[in-house]
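Trainee: I'd like to ask you about the structure that follows.
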Amino acid sequence: MSKLNLRKAAYSIEEVFHEGGPVSETPLRRAAALAIIDNPFAGRFEPDIQWFMEDLKPLGLQMASRIVEMLGGADQIEGYGKGAMIGEAGELEHGALWHAPGGYAMRELLNNSNAIVPSSKKVAGVGGRLDVPITHINASYVRSHFDSMEVGLNDAPKANEMALVLVMSTGPRIHNRAGGLAAKDIEGKDGLR
Amino acid sequence: MKAKIRKLAVNVEETHLEIGRKVDPITRKAVAVAVIENPFANSYQEDLSLLMEIGAELGTLLGRKCVEVLGITPEQAESYGKSAMVGENGELEHAAALLHPKMGAPLRKEVEKGAALVPSSKKMGSPGQVLDVPLGHKDAAYVRSHFDGIEVRLNDAPRANEIMVAIAVTDSGRPLPRVGGLTHSDAEGIDGLR
């Protein structure tokens, strides 16, 4: 039986129109989904933890679908990232369980997303904030799309909880001009360039 | 629009469990935030009417964003609140000009009715600081189950010459209310209080 116990879900969307430069015709949008769930391994060392990834799969898909919907469809999405905060009665390794279910949920919904999903994770107290990295969905080296989104909730993660996060973005940084590989030049075969 | 908006953010929180107990139906709160240029940064201005006009625009824009993200009809909104945080080159009075004279009427259109005073908070602040938006029942301020608040913060706002303006709307009260008082179902919603 699934051990998934969802206490809280939160969704955020940001639209950036400018950052002191010219106002963009298409704002950069970023969206995040957070799920606050019980950590089934809190308070002890548990050698065998991988089974929990199965339980997280439907949650990942649900969160990814919600973000895609908030941003207006899969064809809008150009960047992504994921992250986890583990309450203090857990360990960092529990956050690593999110890599596969969180990452593959997004890649399943975003056709042709070849690039690895960047991630961050940490152990945190209630009110902890997480900077979730964002990179291009097809080619990790696309410099204009290196970005991040800060997430967190004032009442999570409690000691026995974990906060699981997915984020997506619709484009480059609003005034990107730091050069490097451009999105229009990617080959998109190896996930890097 | 008179408001020069750099950024908009909308957050929605759903509570499914509270202290291990199922919340049914789940409670949901939304908060929408605009980061605007402060037209009066760095100088004392006697006439703040431009900020009042901007307040009216944001009442509509942010109220609508909340209702949209909750996926409800305007009359399904149950509580609301408003707040502003002014970057360091402004003054607290700028927040008052945005929030109090003209924001209420357009906000009430977005949530239908809204007989009650819209609870508010204001402060000076800097990027990353927390703004706590108070929440109260939209038609009867004494409804005790709906006294609440929602926190919002943006890591990059408000910059010194900016103001962060927030409106919060819910479709519910606290997750497990049990401190008595006037209830949502008993409220008359005529005088804004009971």
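Trainee: Would you tell me the mean number of C-beta atoms belonging to other protein chains that fall within 10 Å of each C-beta in A:148-156, as a whole number?
Mentor: If you average over the peptide's residues, the count of other-chain Cβ atoms is 3.
Trainee: Moving on. Restricting to chain A, what percent of DSSP beta bridges are antiparallel, rounded to 5?
Mentor: 85
Trainee: Evaluate peptide A:13-26: per residue, the Cβ atoms of other protein chains within 10 Å of its Cβ; return the mean as an integer.
Mentor: Average neighbour count from other chains, rounded to a whole number: 4.
Trainee: Quick one: pull the percentage of alpha-carbon pairs in region B:128-194 with a separation above 15 Å.
Mentor: 58
Trainee: Given the rule -39500 (n - 2.57) for each run of at least 4 DSSP H residues, summed and divided by the residues of chain B, what is its mean residue ellipticity at 222 nm, to the nearest 500 deg cm²/dmol?
Mentor: -6000 deg cm²/dmol
Trainee: Counting Lys and Arg as +1 and Asp and Glu as -1, what is the net charge of the other residues whose Cβ lies under 15 Å from the Cβ of B:L99?
Mentor: For residues surrounding B:L99, the net value is 0.
Trainee: Test of understanding: in a Gaussian network model of chain A with alpha carbons linked when under 10 Å, which of A:M168, A:M70, A:M106 would top the mean-square fluctuation ranking?
Mentor: A:M70
Trainee: Under a 10 Å cutoff between Cα atoms, tell me which one of B:G20, B:G128, B:G55 has the largest fluctuation in the Gaussian network model of chain B.
Mentor: Looking only at B:G20, B:G128, B:G55, the biggest GNM fluctuation is shown by B:G20.
Trainee: Let me ask you something else. With +1 on the Cβ of every Lys and Arg and -1 on the Cβ of every Asp and Glu, and nothing else charged, how large is the dipole of region B:5-170 about its Cα centre, in debye rounded to the nearest 20?
Mentor: Here region B:5-170 has a charge dipole of around 340 debye.
Trainee: Let me know the charge dipole size of region A:89-156 about its Cα centre in debye, to the nearest 20, where only the beta-carbon of Lys, Arg (+1) and Asp, Glu (-1) is charged.
Mentor: 180
Trainee: Now for a different question. Considering amide H positions built from the backbone, and no H for Pro or chain starts, which residues 5 or more places from A:R7, or on another chain, come under 5 Å of its amide H?
Mentor: A:I36, A:I37, A:D38
Trainee: Looking only at A:V167, A:V117, A:V142, which one moves most when chain A is put into a Gaussian network model with springs between Cα atoms under 10 Å?
Mentor: Of the options given, A:V142 has the highest mean-square fluctuation.
Trainee: Another one. For B:2-12, what's the mean count of beta carbons from other chains sitting within 10 Å of each residue's beta carbon?
Mentor: Across the residues of B:2-12, the mean count of other-chain Cβ atoms within 10 Å is 6.
Trainee: Two decimals is fine: what is log10 I(q)/I(0) at q = 0.07, 0.10, 0.12 Å⁻¹ for the protein assembly as shown, from a Debye sum with one equal scatterer on every Cα and no solvent?
Mentor: -0.33, -0.67, -0.95
Trainee: Then there's this: For chain A, what relative contact order do you get, as a whole percent, if you take Cα pairs closer than 8 Å and at least 6 residues apart?
Mentor: Here the relative contact order equals 27 percent.
Trainee: Taking +1 at the Cβ of each Lys and Arg and -1 at the Cβ of each Asp and Glu, which of B:T170, B:G125, B:S145 sits farthest along the dipole of region B:109-178 towards its positive end, judged by Cα position relative to the Cα centre?
Mentor: B:S145
Trainee: Can you return the lysines within cross-link range of A:K184? Criterion is Cα-Cα under 27 Å, with same-chain partners fewer than 8 residues away left out.
Mentor: Output for A:K184: A:K82, B:K7.
Trainee: Follow-up question, since we're still on this one. Using only the alpha carbons of region B:1-137, what is the convex hull's orientation-averaged projected area in square nanometres?
Mentor: 8.8
A short reminder: the numbers here are calculations on the coordinates, not readings from a lab. Only a predicted model underlies this, so the values are computations on that prediction, with no experimental measurement involved. Please note: Cβ atoms are built from the backbone with ideal geometry, for glycine as well, and neighbour counts cover all protein chains shown.
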